[in-house]
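Quick notes on the structure that follows.
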Ligand SMILES: NC(=O)c1ccc[n+]([C@@H]2O[C@H](COP(=O)([O-])OP(=O)(O)OC[C@H]3O[C@@H](n4cnc5c(N)ncnc54)[C@H](O)[C@@H]3O)[C@@H](O)[C@H]2O)c1
């Protein structure tokens, strides 16, 4: 028998840890009688998490984040009887209405991404809110000043070492490498690749390009980190030299203006520039587009590549307009399923802890408890053996 299967099914089947957690939750029902409000990207990987929470007995009321809601995901969740208040929108006002609609349902637990839901709950408190989780560093920064008002357990997933090494170090490197291939269909063999930033993401990126037979240089403004890159066997030339020699240049620092129009005289003929940092401000593409030395731009619309032609005859290319390359361009897949499976299992286990009232207000905006890290790591290794 042949059946049509969807991407949601593929991702669900690939999240082995969440699948195992869901089948345990079907028996233990940690969320029985509780409503969980969620404000996290509505895309196939999150579906695997939401279905796990549902298996644990939760009633779910969901919305997404700005600009990332996938209509097919919303349709699927609704077909599963889940309440979804979300549309694909870039309008913050429309998005805020969806967030308000989730809070109006007075969920017992919140699964937040960026602090949107807890910020509203702090303004409009209600009695049955037990606490929940926050996915990101930016959410933690936003909620910290509200700690005394919130005074409930809120566990921050990003601060788990598992999230740091599984996603930032390993998954970002792999997906940026995949993005380079996906956008360009060009090889890396023998190419000179310069990676700006040797933090968690930069380490993985440098390693993935080196593993693909490129000659990798690293630039990091922190001399201690640059020394680490040197001892890891990467070239660590001065910044100017690193730009001059790069066939491929990748920024992953988290800071603005890493490569600017002032660097145009240095850029090698034919170089490819791409960004992996969160904001599209690391490579100043807007300034390139306006610069007097740029005499023409070819836009490969379908492939999201721009080729800049310079007055002196050189040209260079920018991928995805300088946006996070692994979430830009044709068929952007983001980070690997396994890295998200780990992060989302941390989510499920932390919510379980709060639902069981095993943590109190002392755990307001704190990292994932070590025993949960150990439990999730052990479970992943058991499946891998
Ligand atoms: N693409 C993705 O899927 C994805 C996933 C996770 C994180 N990120 C983003 O990637 C970025 C980096 O994250 P991280 O966890 O590696 O951060 P990190 O803080 O661990 O590392 C950043 C590194 O950049 C260096 N740096 C800062 N300014 C520099 C400069 N001018 N020149 C050279 N080096 C410089 C710092 O010294 C540091 O070593 C952030 O914007 C983060 O949000 C992207």
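Need one number: nm distance between label points at residue 128 and residue 327, each 7 Å from Cα along Cα→Cβ, rounded to one decimal.
3.2
Quick one: Cα centre-to-centre distance for the range 153-211 and the range 308-364, in angstrom?
What the calculation gives is 11 Å, centre to centre.
Under the √(5λ) rule applied to the eigenvalues of the Cα gyration tensor, what semi-axes describe the equivalent ellipsoid of the chain? Give them in Å, descending.
Those come to 40, 22, 21 Å.
Quick check on packing: order 149-161, 42-54 by the mean number of other C-beta atoms within 10 Å, highest mean leading.
Numbers: 149-161: 20.5, 42-54: 24.3.
The most tightly packed comes first, giving 42-54, 149-161.
With labels modelled as points extended 7 Å from the Cα through the Cβ direction, what inter-label distance (nm, one decimal) is found for residue 301 paired with residue 361?
Simple spin-label model gives 5.8 nm for this pair.
Can you sort 31, 316, 279 by how many other beta carbons sit within 10 Å, fewest first?
Listing 31, 316, 279 from fewest to most nearby Cβ atoms yields 279, 316, 31.
Using a Förster distance of 56 Å, how high is the FRET efficiency between residue 32 and residue 240, based on the Cβ-Cβ distance and rounded to 0.05?
My answer for the efficiency is 0.35.
State the extension gain, in nm to one decimal, for the chain segment bounded by residue 9 and residue 224, taking 0.36 nm per residue of separation less the distance between their alpha-carbons. If you can, show how the numbers build up before the last one.
Values: separation 215, 0.36 × 215 = 77.40 nm, distance 4.48 nm.
So the extension gain works out to 72.9 nm.
Quick check on the range 165-327: of the DSSP beta bridges with both residues there, what percent are antiparallel, nearest 5%? Mind dumping the intermediate values first?
Working: 11 of 29 bridges.
Approximately 40 percent, going by the DSSP bridge assignments.
Sort the following peptides by mean Cβ neighbour count (other Cβ atoms within 10 Å, averaged over residues), highest first: 85-96, 212-223.
Packing order, densest peptide first, comes out as 212-223, 85-96.
Just so you know, all these numbers are worked out from the coordinates, no wet-lab data involved. If you're wondering where the values come from, they're calculated on a predicted model, not measured in any experiment. Please note: Cβ atoms are built from the backbone with ideal geometry, for glycine as well, and neighbour counts cover all protein chains shown.
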